[in-house]
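Visitor: Below you'll find the structure I mean.
The values are calculated or read from the model by the stated rules, or taken from the named source; none is laboratory data. Given the structure is predicted, the values throughout are model-derived calculations rather than measurements. Don't worry about glycine lacking a Cβ; one is built from the backbone with ideal geometry, like all the others, and counts go over all protein chains shown.
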Amino acid sequence: MIQRVLVRGAALGVAALALTGLGAIATMLSDAPERADANAAAPTVDSTSVLATMEGELAATRGELDRAHRILEFSGRYRIPADLAARIYDHATEAGLPAALGFQLVKIESNFENTARSYAAAIGLTQLRLLTARSYEPTIAASDLMNPDVNLRIGFSYLRDLLKQFDNDLPLALEAYNKGPTLVTSQLEEGLEVRGRYSRAVMGGMRKGS
């Protein structure tokens, strides 16, 4: 994947350099003598359209290169395979979460172990309980949560929804992810301090880049 992106980036880079002469070519064509046959139209080059197309392709390639760079960075930082890093990165961004948050959540929850299970019957990379997962996909089975794509998709969607529920207060959303939103809401109503070690561990790891 990364090699394909690099090859495409190199090819588009060469094409971009050629654009500098495109305007001159268009001018030469427009200034050519008219043919004797007035009914025959000289071919024209729409340099603006070509330029817009190339700029769009170059922008897309820059985005792919940035994605590849960040995936490799997270892969090295957490010492995990690049394919797993790509899964976490893509599912976090698709859920609208910062990639760093997604990686740190998975580290704290499962230490990147896809088969991890907790004493509370939480499963997989994001340590989802089956009841929580079924609120998103009613027919899902416990074995499905061993699929990293399924687990990450639902786990990150759950965290995104908790952020909405708690007005984008990340520490509260993280504590709700760990303890459950019902308990956190009850603690808030009682005036208790909800933000604790779990949210500090996730957010501290994000800041340190560890």
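Visitor: Under the condition of being out of contact with any helix residue (DSSP H, G or I) (no Cβ under 6 Å at 6 or more places or on another chain) and part of a helix (DSSP H, G or I), which residue from region 107-127 is farthest from Ile140 (Cα to Cα)?
Guide: Result: Lys107.
Visitor: Name the residues in region 128-160 that are assigned to a loop (DSSP other than H, G, I, E, B), among the aliphatic types (A, V, I, L, M) and closer than 20 Å to Leu97 by Cα, would you? Reasoning before the result, please.
Guide: Of all residues in region 128-160, those assigned to a loop (DSSP other than H, G, I, E, B) come to 135-141, 147.
Restricting the remaining residues to those that are among the aliphatic types (A, V, I, L, M) gives 140-141.
Within region 128-160, no residue meets the criteria.
Visitor: Could you check region 90-140 and list, in sequence order, the residues that are on the phi > 0 side of the Ramachandran plot and touching a residue at least 12 places away in the same chain (Cβ under 8 Å)?
Guide: From region 90-140, those on the phi > 0 side of the Ramachandran plot are 96, 111-112, 121, 124, 127; that's our starting set.
Within region 90-140, Gly96, Phe112, Gly124, Gln127 meet the criteria.
Visitor: Further question on the same structure: Give just the number: which of (1) surrounded by 15 or more Cβ atoms within 10 Å (Cβ to Cβ); (2) closer than 25 Å to Arg70 by Cα does Asp144 not satisfy?
Guide: Among (1) surrounded by 15 or more Cβ atoms within 10 Å (Cβ to Cβ); (2) closer than 25 Å to Arg70 by Cα, Asp144 violates only (2).
Visitor: Does region 100-113 contain any residue that is farther than 21 Å from Pro171 by Cα, out of contact with any Cys (no Cβ under 9 Å at 6 or more places or on another chain) and modelled with pLDDT of 95 or more? It would help to see each step written out before you state the result.
Guide: Narrowing region 100-113 to residues farther than 21 Å from Pro171 by Cα: 112-113.
Then keep just the ones that are out of contact with any Cys (no Cβ under 9 Å at 6 or more places or on another chain); that gives 112-113.
If we keep only those that are modelled with pLDDT of 95 or more too, we end up with 112-113.
Within region 100-113, one or more residues are farther than 21 Å from Pro171 by Cα, out of contact with any Cys (no Cβ under 9 Å at 6 or more places or on another chain) and modelled with pLDDT of 95 or more.
Visitor: Are any residues in region 161-181 closer than 16 Å to Ala122 by Cβ and of a type outside the set (Lys, Arg), and if so, which ones? Write out each step before concluding.
Guide: As a first pass, look at region 161-181 and keep what is closer than 16 Å to Ala122 by Cβ: 162, 174-181.
Selection gives Leu162, Leu174, Glu175, Ala176, Tyr177, Asn178, Gly180, Pro181.
Visitor: A further question follows. Find the residue count for region 188-199, including only residues that are in a helix (DSSP H, G or I) and within 23 Å of Ile108 (Cα to Cα). First the steps, then the outcome.
Guide: Start the filter on region 188-199 by keeping residues that are in a helix (DSSP H, G or I), which leaves 188-189, 197-199.
Next, from what is left, pick out any that are within 23 Å of Ile108 (Cα to Cα): 197-199.
Of the residues in that region, 3 qualify.
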